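As structure tokens, the structure follows; a few thoughts come after it.
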Amino acid sequence: MIKEYPKEDIKVIWDMSKCTHSANCARGLPTVFKPKEKPWIQTENDTRENIIAQVNKCPSGALAIKFT
Ligand code: SF4
């Protein structure tokens, strides 16, 4: 399952089937990536730039950025 979380001119894409639950995202940007909450990605809580930087550190490729 693939989910999308919009932020200004981008969308954070999360592919659940690729996620290895390493929690890198939750450690790196805990205000945005909150595995215990719904929605678990809360793009309103940090800047577009910080979110893009963290998405690019996802080790499995489960997270991606789509420019809209
Ligand atoms: S960093 Fe990527 S692989 Fe790790 S929990 Fe987050 S989305 Fe899943």
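The values are calculated or read from the model by the stated rules, or taken from the named source; none is laboratory data. Remember, predicted model here, so these are calculated numbers, not experimental data. For neighbour counting, all protein chains shown are included, and Cβ atoms are generated from backbone atoms with ideal geometry for every residue, glycine included. Protein only, heavy atoms only, side chains kept; ligands, DNA and RNA dropped before computing areas. Shrake-Rupley method; radii C 1.70, N 1.55, O 1.52, S 1.80 Å.
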### Query
Sorted by mean Cβ packing within 10 Å, highest first, what order do the peptides 56-62, 12-18 take?
12-18, 56-62
### Task
For Lys7, enumerate residues with amide H under 5 Å from its amide H, sequence gap 5+ or separate chain, H modeled in the peptide plane.
Val12
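Sort Thr20, Thr47 from largest to smallest accessible area, using a 1.4 Å probe on the heavy atoms of the protein chains.
Details: Thr20 90, Thr47 65 Å².
From most accessible down to least: Thr20, Thr47.
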### Query
Short version: ³J(HN,Hα) in whole Hz for each residue of region 45-53, in order, from phi by Karplus 6.51 cos²θ - 1.76 cosθ + 1.60 (θ = phi - 60°), x for Gly and Pro, what are they?
9, 7, 7, 3, 5, 5, 5, 4, 4
### Task
For Ile65, enumerate residues with amide H under 5 Å from its amide H, sequence gap 5+ or separate chain, H modeled in the peptide plane.
Ile13
## Note on the structure
In order over region 60-68: 3J(HN,Hα) from phi, Karplus 6.51/-1.76/1.60, θ = phi - 60°, whole Hz, x for each Gly or Pro, gives 9, x, 5, 9, 8, 10, 10, 8, 9
### Task
Consider a paramagnetic label point 7 Å from the Cα of Arg27 along Cα→Cβ; state which residues of region 43-66 have an amide N under 13 Å from it.
58-59
### Query
In Å and whole numbers, how far do the C-alpha atoms of region 2-67 stretch along each principal axis, longest first?
27, 21, 20
### Task
Quick one: check the C-alpha center-to-center distance for region 50-68 versus region 1-43, whole angstrom.
9
### Task
May I ask you to evaluate 6.51 cos²θ - 1.76 cosθ + 1.60, the Karplus curve with θ = phi - 60°, for each residue of region 28-35 and list the ³J(HN,Hα) values in order in whole Hz, giving x for glycine and proline?
x, 9, x, 6, 9, 9, 10, x
